[in-house]
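Just so you know, all these numbers are worked out from the coordinates, no wet-lab data involved. What you are looking at is a predicted structure, and each value in this text was computed from that prediction instead of being measured. Cβ: placed from backbone, ideal geometry, glycine included. Neighbour counts: every protein chain shown.
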Ligand SMILES: Cc1cc2nc3c(=O)[nH]c(=O)nc-3n(C[C@H](O)[C@H](O)[C@H](O)COP(=O)(O)O)c2cc1C
């Protein structure tokens, strides 16, 4: 099965993603992966760090002559900021490192700082925040890029858009073509399909800038072209809705997930929510009256677009810091401030695409898996034929 692991610290030398289980023979278009790395860095509300970094995927294994070779893929993304941190975070234990240490003694509410210090027995939070930081998500996007390349071979695409920033919400449905147009833009504001709503979202971020505060929001990820039959109803851990939920909530700052129209459905009568079933005898295919289920019933894809949303809490680090405690003295103190984003919903959408693509690609390989793309294609075609005859 497709598995991925990331390594790396926020200000370490490099981020690393390894992806194993990719079949051999998948064409690798690095431009696509780099484009997603760029998209992850965009959006109104980002802090100074994203101006320093220009993320590029540096593949060191698993790809030769432009195609996967079936072995684990390792990708590096260099941290340009590392040059400013070599003496703070050296790999070697050199004597004077304490002179250069940048301890984080006043844990920031909403971060892993304090819980991590207690758990790992550190007197200050530097090593905790280095790994808890969402800088790690650049590696997720690189890994997700490979999942997307595999899915594209079978006509499956994954895109995202922003549904809410703070309490400013998009109040209309979107089309797939609108999402494609958004993803092709070279100037990303808040990645919202509606320009008026996007301007109001921008005003919301401006308000946060003005008051030293932050904002959260909601992004939506859409999977277009997935066949019916990925995931399974047969056991709790094979249900694809549950697996997508874990993938999305594992993201930094994401505290909730919604599959399809879950939130409005919970407040609606059943007659208004279930997606009625119809059959087109001419085309010999089933179709639905709506897609409130977000393409998933019983944990199985039903052939409609898969739609999941991630709910982000507001960014934890505030320019007007919250109350905390100074760890050396245990006296009350303002929380530490380290260069920070103010709102990150568009970027989170891109990371969400990667997590969803990795989850869908894994379910896809469970169903159609093989050692080479040729074998996967044969399995997929056999199933497509079976579905046509159903
Ligand atoms: C793309 C992205 C960028 C983020 N940037 C920041 C940031 O600059 N400052 C900050 O305090 N939190 C930021 N966060 C959120 C923190 O990483 C996260 O809240 C923290 O690690 C604690 O994890 P938790 O919120 O999942 O519990 C970001 C999250 C994402 C998804």
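Let's test this: bin the Cα-Cα distances of the chain at 20 Å from zero up to the farthest pair and state each bin's percent.
26, 55, 18, 1
Quote to one decimal, in nm, the extra length available between residue 274 and residue 87 on full extension: 0.36 nm per residue of separation minus the C-alpha distance between them.
Length gained between residue 274 and residue 87: 61.5 nm.
Order these peptides, 334-340, 378-384, 75-81, by their mean beta-carbon neighbour count within 10 angstrom, highest first.
My ranking of the peptides, most packed first, is 75-81, 334-340, 378-384.
Taking neighbour Cβ counts within 10 Å as the exposure measure, how do 359, 54 sort from fewest upward?
54, 359
How high is the relative contact order of the chain, in percent, with contacts defined as C-alpha pairs under 8 Å that are six or more residues apart?
23 percent
Which order do peptides 37-47, 270-280 fall in by mean Cβ count within 10 Å, highest first?
37-47, 270-280
Computed FRET efficiency, Cβ-Cβ of residue 320 and residue 238, R0 45 Å: what is it to the nearest 0.05?
For residue 320 and residue 238, the calculated efficiency is 0.45.
Going by average Cβ density within 10 Å per residue, which order do the peptides 148-158, 194-204 take, highest to lowest?
Going by the mean number of other Cβ atoms within 10 Å, highest first, we get 148-158, 194-204.
Do you know the relative contact order of the stretch 83-170, to the nearest whole percent, from alpha carbon pairs under 8 angstrom that are 6+ apart?
Computed over the stretch 83-170, the figure is 15 percent.
Given points 7 Å out from each Cα along the Cα-Cβ axis, report the residue 38 to residue 286 separation in nanometres with one decimal.
4.2 nm
Grab the beta carbon distance between residue 249 and residue 331, set R0 = 45 Å, and tell me the FRET efficiency rounded to 0.05.
That gives a FRET efficiency of 0.80.
Sticking with the crude label model, points 7 Å out along Cα→Cβ, report the distance from residue 64 to residue 338 in nm, one decimal please.
4.0 nm
If the chain between residue 51 and residue 211 were fully stretched, how many nm would it gain, using 0.36 nm times the residue separation less the Cα-Cα distance?
Working it through step by step, the gained length comes to 55.4 nm.
Please list, by residue number, everything in the stretch 10-32 whose backbone N is under 17 Å from a paramagnetic label point 7 Å out along Cα→Cβ of residue 378.
What the label zone holds, given the 17 Å backbone N cut-off, is 23-26.
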